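A short worksheet on the structure shown next.
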Amino acid sequence: MTAIAGTSSRAYAALQHEGSVTQMLYSLVEMNRVAMAPMRLAARAGRAALASPLNPFGQTSYGKSLAAMADVFESATRYYGKPEWRIDSVRINSVTVPITPTVAWRSPWCGLVHFRKDADVLASCRRPGAAPLPRLLIVAPLSGHYATLLRGTVEGFLETHDVYITDWSDARMAPVFLGRFDLDDYIDHVRQMLTHLGGGAHVLAVCQPGPPVLAAISMMAEEEDPALPATMTFMGSPIDARRSPTVTNKLAEERPFSWFESTMIQTVPPPWPGAMRRVYPGFVQLTSFMSMNRDRHVDAHWDYFNHLVEGDGDGVQKHREFYDEYLSVLDLSEEFYLQTIQKVFQEYHLATGKLVHRGRSVRPEAITKVSLMTVEGENDDISGIGQTQAAHTLCSNIPEAMKIDYVQSGVGHYGVFNGRRFRSEIYPRQRQFIRSRFDPDAERAFRQTQT
């Protein structure tokens with residue numbers, strides 16, 4: 001939500017400097033968005049008029065510049081809702097297999113999206129008797145962006161896996177009668193989704209979910225849960241945020257917990273369904289992310305303007321696809337956000353053996369039969385090198401032959417799970433890692449229970 005750009009973002013920064021953000025901030029942002037609506041509509045109308053082939057002025061250099069200015073203004077002040085998956089097919093053995101994203105399991109706080117392949121077409125492009133594709137659960141982060149931010153991750157695995165992903169709900173859309181959603185609830189959700197998938201599945205946690213996913217699997221292993229996954233992969237995750245601290249880690253360490261309570265939590269205003277719910281707003285998270293790379297975003301929008309003037313359709317489309325996703329944000333419930341700050345980034349409960357789930361200690365050393373892979377980016381400025389690797393130390397009773405640690409050179413945080421290097425270097429290693437523990441008989445048994 002970029003309505004906080006310009007004057008509003010400066011006002012927010014000033015309030016932070018004074019040490020307190022008024023509880024009216026959310027309402028002010030909403031009022032700002034509504035106030036900008038007439039100007040945004042005028043810009044859209046002006047752009048359409050200048051783009052008309054019947055308007056000769058629109059074909060002049062000045063006209064193209066005005067149209068580009070209107071486009072940049074409209075896109076920078078727009079409200080970005082939840083993006084679509086835009087995944088409708090995958091190529092398998094040179095055959096286009098239709099895909100339908102369906103919700104396989106749901107709670108008020110999360111939907112488990114299954115990228116269901118057309119069974120008849122899939123069967124036609126694979127050899128008779130071939131084992132079913134391995135089930136892969138991608139646990140998307142609940143940290144401000146929608147699960148569609150992992151669209152590239154999903155697309156990477158679709159050809160060789162039966163892919164599921166967590167689609168976390170926006171707290172501002174959750175009426176207060178639904179009650180709380182905290183870190184314990186998150187862990188419970190991971191367990192429930194793994195139970196739905198059945199034993200022998202494979203889990204991939206991207207960034208924030210690392211600690212709660214490891215906690216869920218630890219308890220499942222201790223109980224010898226039949227739904228225990230075969231492999232677990234953690235990518236750019238703060239398993240132990242003490243290692244190679246980044247700017248975000250240092251902020252959490254330097255600020256007292258009370259500062260996060262008083263400064264970062266807001267009340268959802270009407271008319272949102274979650275009115276009166278206390279949340280960590282997505283627009284605050286987005287502002288934080290964009291301020292870390294402000295010059296890069298300014299340059300990107302200047303390039304976008306020039307691409308519009310020059311008629312560079314590829315450059316325009318690439319910019320729109322990225323920012324349509326990047327600027328779509330969701331709110332986090334107060335209790336989940338604050339517990340994550342305290343237990344993951346300030347007191348390091350999992351790394352120090354203090355993590356407790358509903359009164360029960362979490363023991364990663366109980367895991368003995370689940371293979372472990374960690375993936376980190378050399379230039380990750382969110383989760384520094386070593387934070388994800390810490391899972392190997394905590395899971396001390398997994399045999400070394402069942403562990404893999406990989407550091408990808410030349411990529412930052414998002415390059416760990418998206419982009420060219422992910423597709424060409426990281427994904428092939430993950431595919432091979434999962435294949436090493438893939439049990440075709442277990443997959444067939446699971447499919448039989450679903451028919």
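Just so it is clear, none of the values below were taken in a lab; they were calculated from the coordinates. Keep in mind it's a predicted model, so treat the numbers as computed, not measured. All Cβ positions, glycine included, derive from the backbone under ideal geometry; neighbour counts span all protein chains shown.
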_Quick check on segment 299-451: of the DSSP beta bridges with both residues there, what percent are antiparallel, nearest 5%?_
25 percent
*Quick one: divide the alpha-carbon radius of gyration of segment 52-158 by 2.2 N^0.38 Å and tell me what you get.*
1.62
_Could you work out the pair-distance distribution P(r) of the chain from its alpha-carbon pairs, with 20 angstrom bin width and percents rounded to whole numbers?_
23, 54, 21, 1
*Let me have the relative contact order for the chain, percent, based on Cα pairs under 8 Å that are six or more residues apart.*
19 percent
*Relative contact order, percent, segment 162-252 [alpha-carbon distance under 8 Å, six or more residues apart]*: 29 percent
*asked:* With Kirkwood's inverse mean 1/r over C-alpha pairs for Rh, give me the Rg to Rh ratio of segment 143-247, two decimals please.
replied: 0.97
*With a 10 Å Cβ neighbour count serving as the proxy for reagent exposure, in which order, fewest first, do I367, I404, I382 appear?*
I404, I382, I367
*Ranked highest first by average number of other Cβ atoms within 10 Å, how do 427-436, 353-362 line up?*
427-436, 353-362
*What is the calculated FRET efficiency for S107 to T449, with r their C-beta to C-beta distance and R₀ = 25 Å, to the nearest 0.05?*
0.70
*From the C-alpha gyration tensor of segment 31-106, pull out the three semi-axes of the equivalent ellipsoid (sqrt of 5λ each), sorted largest to smallest, in whole Å.*
37, 22, 9
*Which FRET efficiency value, to the nearest 0.05, is calculated for A119 and E224 with the Förster distance at 30 angstrom and r the Cβ-Cβ distance?*
0.35
_Antiparallel content of DSSP bridges confined to the chain, in %, to 5_ = 50 percent
_Net dipole in debye of segment 106-249 [+1 Lys, Arg Cβ; -1 Asp, Glu Cβ; about Cα centre; nearest 20]_ = 400 debye
_Extension gain (nm, one decimal) between E347 and V34, 0.36 nm per residue minus Cα-Cα_ = 108.6 nm
*Any idea how far apart D381 and A45 come out in nm if each label point goes 7 Å out from Cα toward Cβ?*
4.1 nm
*Can you give me the relative contact order of segment 293-367 as a percent, contacts being Cα pairs under 8 Å and 6 or more apart?*
12 percent
*From the C-alpha gyration tensor of segment 189-303, square roots of 5λ in Å*: 33, 20, 17
_Where N is the number of residues in segment 76-124, Cα Rg divided by 2.2 N^0.38 Å_ = 1.54
